[in-house]
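The values are calculated or read from the model by the stated rules, or taken from the named source; none is laboratory data. Quick caveat: nothing in here was measured; it's all calculated off a predicted structure. Don't worry about glycine lacking a Cβ; one is built from the backbone with ideal geometry, like all the others, and counts go over all protein chains shown. The accessibility values were calculated without ligands, DNA or RNA, using every heavy atom of the protein model including side chains. Shrake-Rupley method; radii C 1.70, N 1.55, O 1.52, S 1.80 Å.
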Amino acid sequence: MIDNRQMAAMLRQMPHAALAIPYDDNFRINAMVRQGIPAKTLTEIAQLLNIDMGKLAAAVRIPRRTLERRLADASVLPFDEGDRTVRIGRLLAKATDVFEDQAEAALWFTEPLEILGGVSPLEL
């Protein structure tokens, strides 16, 4: 059985950390966020959403330069930024399940919706 510290270390080394986060396991997510989500997770989410890194950095409330530095250093995100990153990842994973298509989920995630007051789910 892999403990949370080992899981966090594995995630930092995986090429697709965003896809390896167990979005349906609240206890493991909590432990992973506390230990630090790899900054590269944001790069992967931006690619999955087909959006500019600056737009995602704004949604997670990380200054662009700070994010670039964390990516260059291969560091982990502080708790608050990691928590917001995982929230976005969870919503994207759920949208992908609902739409059964990654591209359609990404479009829904980034397009303004009337039901949300004209903003996108990402902006919320």
Query raised in the report: If the Cβ limit is 7 Å and pairs must be 6+ apart or interchain, which residue in segment 30-47 that is open to solvent by 10 Å² or more (accessible area, probe 1.4 Å) pairs with which residue that is among the basic types (Lys, Arg)?
Result: Gln35/Arg5
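If you check Asp52 against the conditions, is it open to solvent by 50 Å² or more (accessible area, probe 1.4 Å) and modelled with pLDDT of 90 or more?
yes
Give segment 55-69 a look and list any residue that's open to solvent by 20 Å² or more (accessible area, probe 1.4 Å) and farther than 17 Å from Glu123 by Cα, or say none.
Arg65, Thr66, Glu68, Arg69 - these are the residues of segment 55-69 that are open to solvent by 20 Å² or more (accessible area, probe 1.4 Å) and farther than 17 Å from Glu123 by Cα.
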Query - Unmet criterion (only one of (1) modelled with pLDDT of 90 or more; (2) over 23 Å from Ile29 (Cβ atoms); (3) open to solvent by 70 Å² or more (accessible area, probe 1.4 Å)) for Gly118 - result: (3)
Query raised in the report: Which of the residues belonging to segment 64-100 are of a type in the set (Ser, Thr, Tyr) and closer than 14 Å to Gly36 by Cβ?
Result: Ser75, Thr85
Query - Restricting segment 50-69 to residues that are free of Cβ contacts under 8 Å to residues at least 24 places away in the same chain and of a type in the set (D, E, K, R), the residue that is nearest to Asp25 (Cα to Cα) - result: Arg61
Report summary line: Considering segment 70-95, residues that are among the hydrophobic types (A, V, I, L, M, F, W, C) and free of Cβ contacts under 8 Å to residues at least 40 places away in the same chain, and then whichever is surrounded by the most Cβ atoms within 10 Å (Cβ to Cβ), we arrive at Ala95
Report task. Sort out for me the helices (runs of 4 or more DSSP H) sitting completely within segment 32-124 that have 1 or more residues that are among the hydroxyl-bearing types (Ser, Thr, Tyr) and within 13 Å of the chain's Cα centre (by Cα). Result -> 40-49, 79-99
